[in-house]
Amino acid sequence: MPDRSPQIRLLRVAVPVPLPRLFDYLAPTDGVEGEIGSRVKVPFGARELVGVVVDVPTVADVDMATVKPALEILDESALFAGELLGSLRWLGRYTHAPLGEIFATALPGPLRRGEPLPATHDWAWRLTAAGHAGLADMRAGRPRVLAERLQDGAVNEAHLDPDGVEAASSGTGAWRAAARTLAQRGLAERIAVAPLQTASAPRPGPQLNDEQQVAVDAVLAARDHFAPFLLNGVTGSGKTEVYLHAIADCLARGKQALVLVPEIGLTPQLLARFRARLGVAVHALHSGLSDGERARTWAACLRGEARVVVGTRSAVFLPLPDAGLLVIDEEHDGSFKQLDGIRYHARDFALVRARALDVPIVLGSATPSLESLHNAVSGRYTHLRLTRRAGNARPPAVRVLDVRKRPLQAGLSPELLDAVAAALAANGQVLVFKNRRGYAPVLLCHDCGWSAQCRQCDAAMTVHAGGRRLQCHHCGARRPTPNACPDCGGLALQSQGAGTERIEELLRERFPDVPVLRIDRGTTSRRDALETHLANFGDTRGILVGTQMLAKGHDLPSLTLVAVVGIDEGLFSADFRAPEKLAQLLIQVAGRAGRADRAGQVVLQTHHPEHPLLESLLNGGYGAFAAIELEQREAAVFPPFAHLAMFRAEAKQVELADAFLLVVRRALEGADRALRAGAPALELSGPLPAPMPRRAGYLRSQLLLSATARGRLHRVLQEALPVVRASPEARKVRWSLDVDPVDLY
C-alpha cells in the first residue's frame, strides 16, 4: 500500500480585527480539540487575541513558517452553534463586516477577553453517607441542627440563609461555620445545583378586551412556526398584556422568550411587571449592568436556564437553545440601530433569527416604522390592531397653541403656563416635553453677534449649569462660559433659546410649592436613576420636565397634562425621515397623558399651526400621516421602496476623505456595470460633505448608494469592497459602511 502523508489539522479562526478574512492556525497539541463555534486564543503579530473557530480543515502539508500554532482552546464545547452561528454568519454577509468583529460584538466583555464561561449554578449542602450514618450520635449544637436540616436532601444555600446574612440568633443562622465543621469531618459536602428560581405565584392580569384577545389568539396559533406580527396599538391600549399572555404560553411549553426594549430606563419597570405577572425569574441584559452580570445572563441563556430575558439592543445576540417567542417593544425606535462599530439593526436581526429559529416574533408599537407598516400592508407581516385604550382610559384631548407674536418665557407661552397651573390645581401631574437638554442651545454676544462654537465641530456649544458651562453635544468638549465676549470684549453675553434646565428653572420659580423633576441624560446617568426619580416623584401633583426618554413606554397614571414645546425645528429638516420621527415622537409623548381614569390633555405649542404634518396627525392620527408619507416615499423612491447604503470617511484633511470616496465610487460604478445585465443602475450621490462637515476635529464626507432591489445592492458591494479595501487611500482615512442607515448625517 502506498504511504499516506499524515493529515494536519488546522483551525480556521475569525479574529476580531478589521480584516475581511479568516486566519489558519495549527491545532494545539494538548489533546483539546477546538470545535466550530468555540473560542481560541491565538498569536496575532505581537498580540494575543481571542477568536472563534469557524472551520476545522485537514491538509496534507503546511508551511510551518507561516502557520503558527494556536495557544489555547478556551471552550470545551462551542459557544456559537446551530442557529446563532448561522445567523451571525448572515449578519456578517449583510453588513459586509469582518466575521471576527461580528463574533466580538455578540459576546459580553469577559467572554470577548477570553475569560471562562461564568458559573450560573447555585451551591447547596448535603449529607454524605457518613453524615447520614452518624447523625444519631452527633452532639447537640449548630452542626447537628444543620445536619438534621440536610437529612431529607440537599438544601440550597439561599434557603439556609434566606436573608443573605449570618443571623447568629437563629437556629441555623451561623450555618456557614457549622457547614465547614461538618465538611471537615466528612459528614457533609458542598455541591453545585441548578440555579434557584425565585418563582412566585403568577398574578392574574386584567381581563383582556376583544381586540387584545384576538391578538393573543393569533400569536398562540402560530406558536410552532415562524410568523411575524405587527402589533399596532394606540398608546395605553395594553400591548404589554398581549406580550405577557404570549410569554406565559411560551413558558408553559418549556420555551424561552426574549423581549427587546429600546431604553435602559424601560427595563426595570418592565422587569418588575413581568416578574410579578409571570411568577418566574426574569433576566436582564443592558449596558447599565456590569460586565460580569452581562456575562452571567449570556451563560444562563446558553445553558437554557434563563427562560425570560428583557434586554436592550445587544440582547439580540443572546443564545436561545429553547427559543419559543421573540418580542420587540417600541419597534420603531431608532435606538435599536447601532450607530458605530458593527452597524446592525436589532429589530431586523431579530426577524432573521426568528425565521432561523422557526418561532413567532411580535413587533409592537403605537407608531410603527414605515418599513414595518409597509410590510404589514403588503402581507409580509400579520397586522394586529388595538384601536382603543385598555380599561376606562380615554384618548387625551389635543389642543394646538399658536405662539406667533406671543411673549415667551423660557420658550413657554402664557396660555401654556395657565394650562399647567390649572392641571396642578386639579391635583394632576404635568409633563413639559422639550427634546433639547441643557440650559440653552446657544450663547451669543448681543453687541457683536459672536456665538460660542465648538473648536472641534461645526456646531454651537450648548449652555449648561444655569449658564456657567458650555458643552458640545457631539464631541463632549467642555469649557467655562466666558465672562466677556472673546471678540469685542463686551459684557452682553446672552443665552438664546431654552433647554430642559432653563424650563426647569422657570417652573420652579413660577410654582415654588410644587415638586419639579427634570428627566434628561444629565439627571439619569447613574444606574437605575430614572426608575428611582420616578418612584420618588410618586403619584402626587408635580411637574416633570423631560426629553424623549420620557416618551417611551413609561406608565404615569396621574399625568393629566402633556405640554409639548419646541417642535418647530423638526418640521423643516432636510432628512427625509424627519417627519416620521417627529410624528412618532409627538404621538408617543402625547400618549403619556390620561392613561388611567382621569381625562388627559395635550397642548402642542408651535409657530406653524397650519403645517401639513400637524394637520394630518390631528385630523387622522398616525395612520393617516403614515399613509400620506408612504405615498411620498414611493414617489421619491425612498425606503421602504428603495434600499440604501452609506460610505462615510473622515480625515484631518477633507481632500483625503474625498479622494477615498472617489475610489469607492469608481469601484461601485465598475461593479455595477459588470453586474447590470439590463437591471437599473445604482444611484450614487457624492462624495458630499456630511451635514456636520467637521466633528471632533475630523473633516467628514459621505457617499450614498440607492437601489430598488436589495440583492443588487449587496452584490455590487460584495464585488467592489475588495478593491476599496486594497486601495492606498483606504489606509489614510477612517471609513465605514452602513447598510440601511437610519440617519443620513
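Computed values, structure above
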read-out: The range 668-745: trypsin sites (Lys or Arg not before Pro) falling in loop per DSSP and having at most 13 other Cβ within 10 Å; value: ARG676
read-out: Spatial separation of Cα centroids for the range 362-391 and the range 220-240, in angstrom; value: 8
read-out: The range 283-437 - Rg and Dmax from Cα coordinates, angstrom; value: 21.4, 64
read-out: Computed label-point distance, nm, for sites ASP539 and ASP61 using a 7 Å Cα→Cβ extension; value: 8.2
read-out: Gain upon complete extension [ALA158, ALA696; 0.36 nm per residue less C-alpha separation]; value: 188.6 nm
read-out: Where N is the number of residues in the range 400-499, Cα Rg divided by 2.2 N^0.38 Å; value: 1.31
read-out: Long-range HN-HN contacts of LEU517 with modeled amide H, under 5 Å; value: ILE543, LEU544, VAL545
read-out: Amide proton proximity set for VAL308, modelled H, under 5 Å, gap of 5+; value: ALA257, HIS283
read-out: Cys with no candidate disulfide partner in the chain (beta-carbon separation under 4.7 Å rule); value: CYS250, CYS301, CYS475
read-out: Charge sum, other residues only, whose C-beta stays under 14 Å from ALA183's C-beta, Lys/Arg counted +1 and Asp/Glu -1; value: +4
read-out: Residues GLU719 and GLN653, FRET efficiency given R0 of 22 Å [Cβ-Cβ distance, rounded to 0.05]; value: 0.15
read-out: Pair ALA574, GLN213: separation of 7 Å Cα→Cβ label points (nm); value: 5.4
read-out: Principal axes of the chain: Cα extent on each, largest first, Å; value: 92, 76, 60
read-out: Nitroxide proxy distance, nm - points 7 Å out along Cα→Cβ at GLU610 and ARG144; value: 9.5
read-out: Largest-first ellipsoid semi-axes for the range 643-739, taking √(5λ) over the Cα gyration tensor eigenvalues, angstrom; value: 24, 14, 10
read-out: Whole-Å distance, taken between Cα centres, linking the range 411-430 and the range 442-461; value: 33
read-out: Other-chain or far-sequence residues with amide H under 5 Å of TYR381's (modelled H); value: ALA376
read-out: Karplus-derived HN-Hα couplings along the range 362-368 (A = 6.51, B = -1.76, C = 1.60, θ = phi - 60°), whole Hz, x at Gly and Pro; value: 10, 9, x, 5, 7, 9, x
read-out: Computed lengthening from ALA119 to GLU509, 0.36 nm per intervening residue step minus Cα-Cα distance; value: 135.0 nm
read-out: Cβ-Cβ FRET estimate between LYS68 and ARG673, R0 fixed at 41 Å, reported to 0.05; value: 0.50
read-out: Cα-Cα P(r), the range 8-112, percent of pairs per 5 Å interval; value: 2, 13, 25, 26, 19, 11, 4, 0
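Readers should treat all values here as calculations from the given coordinates under stated rules, not as data from a laboratory. Values in this document were obtained by computation on a predicted structure and should not be read as measured data. No Cβ is skipped: glycine too gets one built from the backbone with ideal geometry, and neighbour counts run over all protein chains shown.
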